[in-house]
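Accompanying notes for the structure given below.
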Amino acid sequence: MNMTQLFEKKKQGKELTQAEIKYFVEGYTTGSIPDYQASSLLMAIRLLGMTDEETFYLTKAMIESGDVIDLTSIDGFKIDKHSTGGVGDKVTLIVTPVIAALGIPVAKFSGKGLGITGGTIDKLESIRGFKTELSSQEFIDNVNKHKIAVAGQTGNLVPADKKLYALRDVTGTVDSIPLIAASIMSKKIASGADGIVLDVKCGSGAFMKTEEEAKKLADAMTAIGEKLGRKVVAHISDMDNPLGKMIGNKLEVAEAHSLLSGRMGETHEDLLEECIIISSLMYQVAAGVNEAAATAAVKRVLADGSAVAKFEEFIAAQGGDLADIVQNDTANNVAVKAATNGVVETINALLIGEASVELGAGRLTKESALDYDAGIQLVAKKGDAVKTGETIAYLYSNREINGETINKVQNAYTIA
Ligand code: URA
C-alpha cells in the first residue's frame, strides 16, 4: 500500500477501506508519511468529503494512535461535555460543578483555545495556582472525592490529532465535517467517559456557519459515539452573538462565578439559558431522568448554593485561589461608545473574537503568549436600547490597545 494509491482512489470518488485509513493515520503519526502527502489527502477529504464508514474508521484509527484513559475505578456513570468552540463560551465552567453537585461524576479533559475560540484550560489556568496537569491517579482521586476533575489532555492521548490538527491549521483543511467529527470524537472516546453531551455552535463565531452544517456535524459525531458504545446527545446553539457579557480568560471565570452565585446583574440571561439546557441534557443522559425532572434538579442546585459551593471546592481541590479573579487590573482599558441611537440587533461574534485575540486573550498560533487579564466586557447586549456616545463595551489589556481593535468592537455592533 502507498499514498499514491490512496490519492487515486479518492480522486475517482471511491471509498477508502479501514486498512487504508489506518495506514495513513499510523504512517503520518509515526513520521513515515510526510506532511506534503498528508496535506494532499486532507485537502481531498476537505473537498470531496468522507462517507460515514470512512469517518468512523478515521476516528477509530486516531483513537488507536495513542493511550485510552481507563476510568473504570470511578464509580457511577461518567459524563463529559464538549463544545465545538465559540466566543465567550464559559459553559463548561458552570455546568460541570452543577452536574457534580447533583452527584454525577464529571471526568473532563479539555483543550487550550486557538484563534477566536477560547479554551477551558486557558480559563482555568488564569486562576492563580490552579493545576491543569494531573497524574491519572490524582485525576481519578479528585473525581471520586469531589465528583469533578477537569484536566488538560495528557501527553499521549490521540497523538494523531495533535499532528493532523496542526497540519490542518496551516493547510486550510480545518473546516471539514468528517475531519472535525473524527478529531473531536477521537479525543472524547479516548478520554473514557460513558456519556457525552455535544454543544455544537452555529453562526459567525463558530466553525459551522449555518444550522444545516451544524446539524450534519452533530449527526456525524453522534453516530460515531453510538457505534463506539457511548451515550451521546447533541444540542445546536447560536454563536452569531458572543455568549454572556465577558470574553477573556479571567473575566470569564469571574462571570461563571457570578452566575453560579446568582448575581445575574454581572452576567446575562443567554448564558444562564444555555447552561440550563446543557446541564439538563448531561443529567438526563447520566441519570436517565426526563427533561422536566432534570431541568428542575439543575435549577435547584443553582438556587440553593450547592453548585457554587461545588465550583469553589473544585477550584480549591486543584490548587486554585479565586481571590484575585474579581479584580481587573489591566494597564490599559478603553470604553467603546455607541456610534448611533437604537437597539442592538446583533453583536458579530467573529469580530469580537478577533478583537479579544488582539487584546491578548486568545492565540493566533499555538506558541502565542496569553494575557489572562485581557478581554472584552459587553455592556450592551442584543436587544438593549443604546444612545449615541453611550458606553457599549469595555476593552481590557496589558498591551497597548490600538484604534483598529476599538473600531472592530464598535463595528461588531449592529444598532438598528
Ligand atoms: N475542535 C477540535 O478538537 N477539532 C477540530 O477539528 C475542530 C474543533
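For this structure, a couple of remarks:
- With respect to the chain, whose longest principal axis is taken over its alpha-carbon atoms, helix 35-48 is tilted by about 80°.
- VAL343-LYS227 FRET efficiency (beta carbon distance; Förster radius 60 Å; 0.05 resolution): 0.80
- Largest-first principal axis extents, alpha carbons of the chain, Å: 65, 48, 38
- Long pairs among LYS112/LYS337; LYS11/LYS231; LYS209/LYS231; LYS147/LYS382; LYS163/LYS310; LYS147/LYS381, criterion Cα-Cα beyond 29 Å: LYS112/LYS337; LYS11/LYS231; LYS147/LYS382; LYS163/LYS310; LYS147/LYS381
- Anisotropy class of region 332-415 from Cα gyration tensor, a/c 1.5 cut: prolate
- Think of the chain as a dipole: +1 on every Lys or Arg Cβ, -1 on every Asp or Glu Cβ, centred on the Cα centre; then among VAL150, ALA331, LEU259, VAL150 lies furthest on the positive end.
- Here the average projected area of the convex hull drawn through the C-alpha atoms of region 3-63 stands at 3.7 nm².
- Given charges at beta-carbon only (K, R positive; D, E negative), |dipole| of region 3-63 in Debye: 120
- Charge sum, other residues only, whose C-beta stays under 13 Å from LEU47's C-beta, Lys/Arg counted +1 and Asp/Glu -1: +2
- The calculated P(r) of region 324-367, using every Cα pair and 5 Å bins from 0, goes 5, 14, 17, 22, 20, 15, 6, 2, 0 in percent.
- For region 110-171 versus region 272-302, the gap between their alpha-carbon centres in whole angstrom: 25
- Highest-first arrangement of 279-286, 123-130, 384-391, where packing means the average Cβ count within 10 Å: 279-286, 123-130, 384-391
- Computed in the context of the full set of protein chains, the accessible area of the chain at 1.4 Å probe radius has 51% of its extent on carbon or sulfur.
- Dipole in debye (nearest 20) - the chain, about Cα centre, beta carbon charges: Lys, Arg +1; Asp, Glu -1: 380
- Descending Cα extents along the principal axes, region 1-160, whole Å: 53, 35, 27
The values are calculated or read from the model by the stated rules, or taken from the named source; none is laboratory data. Here the structure is a predicted model, which is why all the values come from computation and not from measurement. Neighbour counts run over all protein chains shown; Cβ positions are idealised from the backbone, glycine included. When the accessible area is computed, the model is the full protein with side chains, heavy atoms only, and any ligands, DNA or RNA have been set aside. Shrake-Rupley method; radii C 1.70, N 1.55, O 1.52, S 1.80 Å.
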